[in-house]
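The next block holds one structure in the form of structure tokens; read it before the comments.
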Amino acid sequence: MGKIVRIVYWVLVIIALLYGTVYLIWGGGDDMAGSSISLIVSYILFALALGITLIAAIGNIIQHPKASIKLLIGIGVIALIAIIGYNVSNGEVLDSYIDFGVKTAGESKLVDLGLYMFYSLLGISLVGIVLSEFTGFFKN
């Protein structure tokens with residue numbers, strides 16, 4: 001299966017490069033003319049990578065159920081952060097939010113949820129990196 005995915009990947013990349021080059025040469029002078037096909041190919045490759053990753057992760061969970069306890073704990077922590085972030089946000093909609101398409105309190109709460117998730121996971125990852133570096137420093 002690895003060879004098939006690699007072949008499909010390179011075929012899509014070559015098609016995108018050829019289409020982009022041809023469209024830029026004969027596309028009427030528009031600077032952004034060939035970018036749409038590249039975005040479409042990027043979306044296709046992202047969806048393909050996401051699908052393969054999910055299938056591999058589910059297969060690993062099925063094959064090794066005891067080892068997946070840490071994964072389930074991580075998913076639970078992320079879900080807990082999401083629930084807390086959604087409940088903490090006040091859902092306020094300012095006039096400046098409307099310029100960016102946020103018109104309802106629910107949309108504002110989702111934006112706040114995303115920000116709380118980002119900063120929480122960033123903080124957790126930075127603490128984890130610092131702790132792992134310190135423990136590695138003292139072990140040697």
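Under the definition of Cα pairs under 8 Å and six or more residues apart, what whole-number percent is the relative contact order of the stretch 65-140?
29
Determine ³J(HN,Hα), in whole Hz, for all residues of the stretch 63-72 in sequence, where each value follows from phi through the Karplus function 6.51 cos²θ - 1.76 cosθ + 1.60 and θ = phi - 60°; x replaces Gly and Pro.
So the J values, rounded to whole Hz, are 6, 10, x, 6, 6, 8, 5, 5, 5, 5.
Using the reciprocal of the averaged 1/r over all distinct C-alpha pairs, how large is the Kirkwood radius of the chain in Å?
So the Kirkwood estimate lands at 20.0 Å.
Enumerate the residues in the stretch 74-98 having an amide nitrogen under 16 Å from the point lying 7 Å beyond the Cα of Ala105 toward its Cβ.
86-95
Every number in this text was worked out from the coordinates using simple rules, so none of it is lab data. Note that the structure is predicted; figures quoted are calculated from it, not measured. Don't worry about glycine lacking a Cβ; one is built from the backbone with ideal geometry, like all the others, and counts go over all protein chains shown.
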